[in-house]
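Participant: The structure under discussion is supplied below as structure tokens; questions concerning it will follow.
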Amino acid sequence: MIDIRVGFWVLLALFSSTHAFAEPEQLEVACDKPVMMLVIVQLENPEPMAAYMKVLGKLPTYPDQQGYYHFTVHTEMFEGQWPEKQGVLGAKFPCIEAARGFWFSDEYQGIREIRSGAGTVTVTVHPINETPAHITGARPKRLFAQQPPQANP
């Protein structure tokens with residue numbers, strides 16, 4: 001259970017008038033090359049992460065940057081073993097500049113410390129390739145039912 005002291009620190013972080021981080025300069029670019037922000041979390045302490053996720057969900061920063069969660073859990077394992085207490089999510093943005101606008105915003109930077117002590121977080125951003133013309137509207141040749149995961153060769 002998270003006590004009231006956590007709420008105090010969350011509010012303090014959000015409403016602090018001095019920022020240790022200053023937002024970068026705004027750019028005027030065509031935002032038309034979508035990207036996926038990949039977040040991998042090795043969770044050690046769920047309480048700070050739960051507090052962080054609660055505050056993150058209330059920030060307008062994702063929608064302001066036209067970002068959204070594309071996936072938050074894996075649905076099936078094809079090969080190997082997923083590390084215990086590891087999570088992954090993908091957030092889609094219309095361009096790398098919008099992803100940066102989310103990550104480096106004062107609002108987001110103001111809450112990052114809330115998850116301190118939760119574990120190790122790795123965040124990368126990847127381009128999303130356009131769907132090739134020969135795939136658009138085509139039906140896959142093989143559709144299989146779920147299978148047990150395979151071991152690494």
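Participant: In region 91-119, how many are in contact with a Ser or Thr (Cβ under 8 Å, 6 or more places away or on another chain) and either over 14 Å from Thr61 (Cβ atoms) or of a type in the set (Val, Ile, Thr) (or both)?
Facilitator: Of the residues in region 91-119, 0 are in contact with a Ser or Thr (Cβ under 8 Å, 6 or more places away or on another chain) and either over 14 Å from Thr61 (Cβ atoms) or of a type in the set (Val, Ile, Thr) (or both).
Participant: Being surrounded by 16 or more Cβ atoms within 10 Å (Cβ to Cβ) and either of a type in the set (Val, Ile, Thr) or under 13 Å from the mean Cα position of the chain (by Cα) (or both) is the filter here; which residues of region 50-64 pass it?
Facilitator: Passing the criteria: Tyr52, Val55, Leu56, Thr61, Tyr62.
Participant: Quick check on my filter: what residues within region 56-78 are touching a residue at least 40 places away in the same chain (Cβ under 8 Å) and either part of a strand (DSSP E or B) or among the aliphatic types (A, V, I, L, M) (or both)?
Facilitator: Result: Leu56, Leu59, Met77.
Participant: Evaluate region 29-45: report whether one residue or more is in contact with a helix residue (DSSP H, G or I) (Cβ under 7 Å, 6 or more places away or on another chain), at pLDDT 60 or above, over 27 Å from Pro127 (Cβ atoms) and of a type in the set (A, V, I, L, M, F, W, C).
Facilitator: Looking for residues that are in contact with a helix residue (DSSP H, G or I) (Cβ under 7 Å, 6 or more places away or on another chain), at pLDDT 60 or above, over 27 Å from Pro127 (Cβ atoms) and of a type in the set (A, V, I, L, M, F, W, C), one finds at least one in region 29-45, hence yes.
Participant: Here are some conditions: (1) within 30 Å of Ala151 (Cα to Cα); (2) surrounded by 14 or more Cβ atoms within 10 Å (Cβ to Cβ). Tyr69 meets all but one. Which one does it not meet?
Facilitator: (2)
The values are calculated or read from the model by the stated rules, or taken from the named source; none is laboratory data. What you are looking at is a predicted structure, and each value in this text was computed from that prediction instead of being measured. In this analysis, Cβ positions are derived from the backbone assuming ideal geometry, glycine residues included, and neighbour counts consider all displayed protein chains.
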